[in-house]
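First up is the structure itself, then whatever we jot down about it.
The values are calculated or read from the model by the stated rules, or taken from the named source; none is laboratory data. What you are looking at is a predicted structure, and each value in this text was computed from that prediction instead of being measured. Neighbour counts run over all protein chains shown; Cβ positions are idealised from the backbone, glycine included. Please note that ligands, DNA and RNA were not included when accessible areas were found on the heavy atoms of the full protein model with its side chains. Shrake-Rupley method; radii C 1.70, N 1.55, O 1.52, S 1.80 Å.
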Amino acid sequence: MDFTGPFEEISGTLEALAKAEELGKIIVYTPPEKRHGPETCGYMEEGIIKGYYTGKDCHIFSSYPVFSCYPQNSREISFHKEKEEQIVKNCLRKGKEAGKPPQKPVDSRRNGSWKKQKEKTPFPEEYTLRPAVQADASAMASIYCQGFQFYPTPLHMESYLLKTMYSNALYLLVEKQGKIVSLASAEMDPENGSAEITDCLTVPSERGKGLMKELIVALEKELSARNFLSAYTLCRASSYGINTAFASLGYAYTGRLVNNCRIGRGFEDMNIWCKMLK
């Protein structure tokens, strides 16, 4: 995620570590001026996060070491490429047909507090959108545990949710008649002014009602009020619903990370969607 000095000096160490730990993928985040390092070492660029470094783009490079524990296929092979390409094309076409003009940046002086924003959420009476609090952690962990067989972070642990809730993550949720039915978070990087919108989940009975879109919009408004410059997400390439949500809100598709993390039933491709907030 961060390195100093020539990348060539640490490339050998990374390869040795990957071999020792039997790791199938090495991922490198780098600003434009350092991208020549991974390129020289044979890494492949898989995508870009726009505005990641205080408005400057981040280039994501990957290397796929092949060891004896992967006798048939390397992690670099996408097994659902055609389906995932079609999902992106459909999402982009749907977003274009909607013809929504780009959202204007939120004036943090006029929209600086959550209380001023929540009254504008166009939910039916039985739904409530609000920030998560400490008392929600147990129910949130239970919902995440039911929704994801695997996940890159331990969302099923109440202790993890509480730790991140009071450090770098902003969790928002939707309740229906007092029960949580949809959740999402923004993992914030104040130093760089960027945030990852992640941990998106709606319970099966409430999907297709636009709840996730409202959560994303609410997160954007709060991030803008806190003077963040950009937002991005790494979402499951095989999920039409979540890709459609970001595409319809003006996010730009900027790449796909192949077999990037364990989520759902195993290693999955992740699409990158980005949006400048300022």
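Which of the residues spanning segment 130-161 are under 14 Å from LEU201 (Cβ atoms) and assigned to a loop (DSSP other than H, G, I, E, B)?
Passing the criteria: ALA132, PHE148, GLN149, PHE150, TYR151, PRO152, THR153, LEU155, HIS156.
Does GLY241 satisfy the criteria of being open to solvent by 20 Å² or more (accessible area, probe 1.4 Å), modelled with pLDDT under 95 and either among the small types (Gly, Ala, Ser) or within 16 Å of THR202 (Cα to Cα) (or both)?
Spelling it out, GLY241 is indeed open to solvent by 20 Å² or more (accessible area, probe 1.4 Å), modelled with pLDDT under 95 and either among the small types (Gly, Ala, Ser) or within 16 Å of THR202 (Cα to Cα) (or both).
Give, as residue ranges, the strands (runs of 3 or more DSSP E) completely inside segment 1-79 that count at least 3 residues that are open to solvent by 40 Å² or more (accessible area, probe 1.4 Å) and within 26 Å of CYS235 (Cβ to Cβ).
44-53
Please tell me if PRO105 is at pLDDT below 60, in a loop (DSSP other than H, G, I, E, B), more than 21 Å from the chain's Cα centre (by Cα) and at negative phi.
no
Can you pull out every residue in segment 81-102 that is surrounded by 11 or more Cβ atoms within 10 Å (Cβ to Cβ) and modelled with pLDDT under 55?
Hit for segment 81-102 is LYS100, nothing else.
Select from segment 231-265 the residues that are under 19 Å from SER74 (Cα atoms) and touching a strand residue (DSSP E or B) at 6+ places or on another chain (Cβ under 9 Å) and list them in ascending order.
If we filter segment 231-265 for residues that are under 19 Å from SER74 (Cα atoms), which is where we start, we get 237, 256-263, 265.
Residues satisfying the conditions are ALA237, ARG256, LEU257, VAL258, ASN259, ASN260, CYS261, ARG262, ILE263.
Out of the residues in segment 142-169 that are of a type in the set (Phe, Trp, Tyr) and within 13 Å of GLY264 (Cβ to Cβ), which is surrounded by the most Cβ atoms within 10 Å (Cβ to Cβ)?
Step one: of segment 142-169, the residues of a type in the set (Phe, Trp, Tyr) are 144, 148, 150-151, 160, 166.
Pick out the ones that are also within 13 Å of GLY264 (Cβ to Cβ) and you get 144, 148, 150-151.
On the way: TYR144: 20, PHE148: 18, PHE150: 12, TYR151: 17.
Residue satisfying both the conditions and the ranking: TYR144.
Please list, ordered by first then second residue, the pairs with beta carbon atoms under 8 Å, 6 or more apart or interchain, first in segment 32-44 and closer than 10 Å to CYS58 by Cα, second open to solvent by 80 Å² or more (accessible area, probe 1.4 Å).
Listed by first residue and then by second, the contacts come to PRO32/LYS56.
Take the residues of segment 251-270 that are open to solvent by 40 Å² or more (accessible area, probe 1.4 Å) and at pLDDT below 95: which is farthest from PRO152 (Cα to Cα)?
Per the criteria, the residue is ARG265.
Listed here are the residues, each with its yes/no results for (1) among the aliphatic types (A, V, I, L, M); (2) farther than 27 Å from GLY51 by Cα.
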| position | (1), (2) |
| --- | --- |
| SER159 | no, yes |
| ALA169 | yes, no |
| VAL174 | yes, yes |
| SER182 | no, yes |
| PRO190 | no, no |
| CYS200 | no, no |
| MET212 | yes, no |
